[in-house]
């Protein structure tokens, strides 16, 4: 079943040059190899602000499809020209009514508006329209708790919010509690009913429909208001895993510079299609949308139900798929379960094809195989629309072995990005030709990167390979948080370098790899330090779990964990052992727990976990944990404090069971 195709050995790209500074306890500064003499500011000479971006770029692709909404089994599209006209009308309507007055905030003269909705075409139309009239968007995450919304409203003195009708009750409830007092106007994307209008009137809030604003702007079209490069483009509150959200200042020049760097990497064309499902309020989705605008691509919105994501892909047929690691982990579980469900003889043949494709990928950098793809792998591509040519993963480190599996099943590369809201998007990227997994490439054209020693954790630039905390600086970084000097002092140094808290190594083969978090270590009672993220990433490869949260503290000498088991694995084992119970009861069954823990321990041992890193007790949680629970950020990062508090009783029980067991041996 081999292939006669001619292949050549991999040539790794050159990601950066080193600028020697000869500073103690620091690596050289890393610069993009194509922009070592001058950082990249813009993709073209005529674009310096996001007003330029929309005004000058959208007109180029006037009749091409821009934004698509699913209606049944098809997507209905608005062209670039139609979106541009609606955006102008919306922004003009806001200006005509004076809904966003100009105020001075933290050194900026700014007009604020907020958009509070899941991804949909009106979100993008409102965002573009406001930008064209120099109004700065303060987007709200779908999963924000009320106290955080009140905090954002108060800090920005926010007057107007655009929202979907299902968010209206939440904002009105906030107001009834005496919070959100700055709010004067709500714009409902759907037409509000009489009851909603009456309730807003009682709370002294003006209520308009989205279409009313459009109509007012169309009747009284105002000229575009040109922003300056240093004007505030967006105030993006971090989704944060701890404490109150921090307002990240993104100026027009910050955003343009980062987009310029990402455009060089992604090389999107006007034939590309993107599925918008990651939170529109998150910088990852914001960057991708703007890159697609610049290149004339089409953006289709998911139907709003995460459970129908694969169905949305099937009907939209995206060519570029943006993901976060937890989404890709779920895809890999689907692939593994499909292989496991085959009869033994067929399963062995499939496993041989998988092994050969993995070897081909790692040796030659090729995720395709004409024969094997025809026989087996293309059917998986068709489940996701059949046209995906490129994937991206960002927001958290991705396990390299799992990503390799994703690449061979999708038959294309998934490039890895590393970034933060604080840099207006991406800091580093791998390239489309680089098939190595488990690394983040090098800095994009607008950025500088260096590694700073962490003596307590034995990370040093003098190690072989060099290691340390990733520090970043560049044209897309605004070195302060909005009205938060304490947080600014914690993260930014006096030279404007952002200390990310992420730990990386500078690999011998010329790229960066994230290996740790500076603050993520758990100290156990025997004095050993354990990285829960490393432990979790390894256990996620065992094929029998969908989620794992590892926990330990200074009063205990071992780890325990909350696990959401893989349903296919559990039900298969239950059938094998003659256990007939409901899903909830299966998760409480001692034998099922034992089998899951054994499989996890086997994987941990195989992949190099030390005895102190191995989990001793597990609690099987029957419900998948999502951002809606408040236990994960919108990009699926764990909120460890919230998880610890939510599962406090289960954690206590696991430790009590372990102590009882060890004391009665």
(request) Using 0.36 nm per residue of separation minus the Cα-Cα distance, give me the extension gain between residue 641 and residue 629 in nm, one decimal. (result) 3.0 nm
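Where Rh is the Kirkwood radius over the Cα pairs of segment 431-496, the temperature 4 °C and the viscosity 1.567 mPa s, what D in µm²/s does Stokes-Einstein return?
Values: Rh = 14.2 Å.
In µm²/s, the coefficient is 91.
What FRET efficiency do you get for residue 191 and residue 382 if R0 is 25 Å and r is their Cβ-Cβ distance, rounded to the nearest 0.05?
0.05
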(request) Let me know the Rg and Dmax you get for segment 99-139 when you use only its Cα atoms, in Å. (result) 10.9, 33
(message) On C-alpha positions alone, give me the angle between the axis of helix 567-576 and the longest principal axis of the chain, in degrees, nearest 10.
(response) 30
(message) Can you compute the radius of gyration and Dmax for segment 50-301, using only the Cα atoms, both in Å?
(response) 17.4, 52
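Run through the DSSP bridge list for the chain and note the antiparallel percent, rounded to the nearest 5.
On the way: 55 of 91 bridges.
Looking only at bridges with both residues in the chain, the antiparallel portion is about 60 percent.
Can you check how the C-alpha radius of gyration of segment 205-282 compares to 2.2 N^0.38 Å, as a plain ratio?
On the way: Rg = 17.4 Å, N = 78, 2.2 N^0.38 = 11.5 Å.
That ratio works out to 1.51.
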(message) Relative contact order for segment 360-456: what percent, with Cα pairs under 8 Å and sequence separation of 6 or more?
(response) 25
(message) Starting from the 7 Å offset along Cα-to-Cβ, what nm value, one decimal, do you get for the label separation of residue 351 and residue 499?
(response) 4.9
(request) Could you tell me the largest-minus-smallest coordinate of the C-alpha atoms of segment 522-663 on each of the three principal axes, in descending order and whole angstroms? (result) 43, 39, 29
(request) Could you tell me the distance between the Cα centroids of segment 637-656 and segment 219-237, to the nearest Å? (result) 45
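Can you give the Kirkwood hydrodynamic radius of segment 149-273 from its Cα pairs, in Å with one decimal? Could you put the intermediate results ahead of the total?
Working: mean 1/r = 0.0569 Å⁻¹.
Final number for the Kirkwood radius of segment 149-273 is 17.6 Å.
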(message) Modelling each spin label as a point 7 Å along the Cα-to-Cβ direction, I'd like the residue 370/residue 224 distance in nm, to one decimal.
(response) 4.9
(request) Please determine, in degrees from 0 to 90 and to the nearest 10, the orientation of helix 283-295 with respect to the longest principal axis defined by the Cα atoms of the chain, where the helix direction is its Cα long axis. (result) 60
(request) Kindly state, to the nearest 0.05, the FRET efficiency for residue 389 paired with residue 103, given R0 = 56 Å and r defined as their beta-carbon distance. (result) 0.75
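Percent of alpha carbon pairs in segment 474-599 separated by more than 27 Å? It would help to have the intermediate numbers written out before the result.
Details: 3669 of 7875 pairs.
Across segment 474-599, Cα pairs with separations above 27 Å total 47 percent.
Calculate the all-directions average of the projected area of segment 74-168's alpha-carbon convex hull, and give it in nm².
Quarter of the Cα hull surface area: 7.0 nm².
Seen from all sides and averaged, what is the projected area of the convex hull of the Cα atoms in segment 222-350, in nm²? Intermediate results must be reported in sequence, preceding the final value.
Values: hull surface 49.5 nm².
Reported value for the Cα convex hull: 12.4 nm².
Test of understanding: what is the full-extension gain from residue 337 to residue 34, defined as 0.36 nm times their sequence separation minus their Cα-Cα distance? Don't jump to the answer; show the numbers that get you there.
Values: separation 303, 0.36 × 303 = 109.08 nm, distance 4.32 nm.
Full extension of this stretch gives 104.8 nm more.
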(request) Could you calculate the FRET efficiency of residue 305 with residue 601 from 1/(1 + (r/R0)^6), where r is the beta carbon distance between them and R0 is 45 Å, rounded to 0.05? (result) 0.80
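Take 111, 641 and order them by how many other Cβ atoms sit within 10 Å, fewest up front. If you can, show how the numbers build up before the last one.
Values: 111 21, 641 12.
Listing 111, 641 from fewest to most nearby Cβ atoms yields 641, 111.
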(request) Could you list 498, 600 in order of exposure, starting from the residue whose Cβ has the fewest other Cβ atoms within 10 Å? (result) 498, 600
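Using alpha carbons only, what's the Rg to Rh ratio of segment 385-520 with Rh from Kirkwood?
Details: Rg = 15.9 Å, Rh = 15.9 Å.
For segment 385-520, the value is 1.00.
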(request) Based solely on C-alpha atoms, express the radius of gyration and the Dmax of segment 537-583 in angstrom. (result) 13.8, 41
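Can you put 368, 160 in order of Cβ neighbours within 10 angstrom, beginning with the fewest?
On the way: 368 18, 160 25.
Lowest count first: 368, 160.
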(request) For residue 14, put the label point 7 Å out on the Cα→Cβ axis and report which residues of segment 434-463 keep their amide N under 20 Å from it. (result) 434-436, 440-450
(request) For helix 146-156, report the angle its Cα long axis makes with the longest principal axis of the Cα atoms of the chain; keep it between 0 and 90° and round to the nearest 10°. (result) 40
(request) May I ask for the distance between the Cα centers of segment 545-574 and segment 467-494, given as a whole number of Å? (result) 35
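In whole angstrom, how long is each semi-axis of the equivalent ellipsoid of the chain, when you take the square root of 5 times every eigenvalue of its Cα gyration tensor and sort them from largest down? The partial results should precede the final answer.
On the way: eigenvalues 320, 175, 157 Å².
Ellipsoid half-lengths, sorted descending, are 40, 30, 28 Å.
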(message) Whole angstrom only: what separates the Cα centroid of segment 65-127 from the Cα centroid of segment 246-314?
(response) 15
(message) Using only DSSP helix segments of four residues or longer, with each worth -39500 (n - 2.57), what per-residue ellipticity at 222 nm results for the chain after dividing by its residue count and rounding to 500?
(response) -11000 deg cm²/dmol
(message) Sequence gap at least 6, Cα distance under 8 Å: using those rules, report the relative contact order of segment 432-525 to the nearest whole percent.
(response) 27
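Relative contact order of the chain, please, whole-number percent, based on alpha carbon pairs below 8 angstrom and at least 6 residues apart. Numbers along the way, then the final one.
On the way: 1335 pairs, mean separation 89.1, N = 665.
After rounding, I find 13 percent.
Between residue 267 and residue 63, what is 0.36 nm times their sequence separation minus the Cα-Cα distance? Round to one decimal in nm. Don't skip to the answer; put the middle values down first.
Values: separation 204, 0.36 × 204 = 73.44 nm, distance 2.11 nm.
Result for the pair: 71.3 nm of gain on full extension.
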(message) Can you give me the distance in nm between label points at residue 585 and residue 523, each placed 7 Å from the Cα along the Cα-to-Cβ direction?
(response) 4.7
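No value in this document is a laboratory result; all are computed from the given coordinates. What you are looking at is a predicted structure, and each value in this text was computed from that prediction instead of being measured. Every residue, glycine as well, gets a Cβ built from its backbone with ideal geometry; the counts of neighbours run over all protein chains shown.
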